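One structure below.
The values are calculated or read from the model by the stated rules, or taken from the named source; none is laboratory data. Quick caveat, the model's predicted, so the values are computed rather than measured. Here the Cβ is made from the backbone with ideal geometry for all residues, glycine too, and neighbour counts use every protein chain on show.
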Amino acid sequence: MTATTTDIEFDRQIGALTEAGHPGLTGLSDADFAAALEPLRAAVLAHPESAADHGEDHVPFVLVVARTAQGASIDAHEAMSRTALGTQQGFADFEPAELARFRPIESVEIPDGIGYALMNIDTGSAYLNVTPETAMASLTAMGRTGLTVEEGIALITVRPDMLRKNKCFSLLSSRCGDKRVPALWISQRRPKLGWCWNGNPHTWLGSASAGKRIG
């Protein structure tokens, strides 16, 4: 990915988020939504990973919508319902209030503003059949961060091709105080946001990570 294609991809992601109805989730018009994310373009273009290609699990960057125009957290339950694989609508296997309890872990700092850029994402096939607990320790040692629920939803909104059969992924950086770890996988051909136990491995489930958040 070159600087030119990074520019094109930035515009494509804004288009994908807009088509999925994210301006409405933030309380902004389509034009104001695009304008709110536009300042991220320069930071993404300046980041060395924005044009990198590290294989089939890698995504150089993803634009993440985190907050409404009033500063409240985005409605993740509703955002998940805006995802799709082809014509199959995504869903969350949580009640809205239960999902809202899953918040970024203490070590994760979410940039201010409506949205930010998540850089150097890997969907984590290397961690298939590895417990989330073990994957977290490994990724932390490498200076990487697990994804939050909102980041996972953003990833499959702008890049639904990255949610693949038998290569699905946990979202290690959102927890609610128990041993559940949220995860994204495919159920009856639909994107599903569910959870797995922190200490249980699954052959079809890895752990996604990223290099940095910039806002």
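General remarks:
- Among the residues of the stretch 130-149, the ones that are of a type in the set (G, A, S) and surrounded by fewer than 22 Cβ atoms within 10 Å (Cβ to Cβ) come to 4 in all.
- Of the helices (runs of 4 or more DSSP H) lying entirely inside the stretch 1-96, the ones with 1 or more residues being surrounded by fewer than 13 Cβ atoms within 10 Å (Cβ to Cβ) are found at 3-19, 30-37, 40-46.
- Cβ separations smaller than 9 Å between residues 6+ apart or across chains give the following pairs from the stretch 113-142 residues that are modelled with pLDDT of 95 or more to residues that are among the acidic types (D, E) and not in a loop (DSSP other than H, G, I, E, B): L118/E151; M119/E49; N120/E49; I121/E151.
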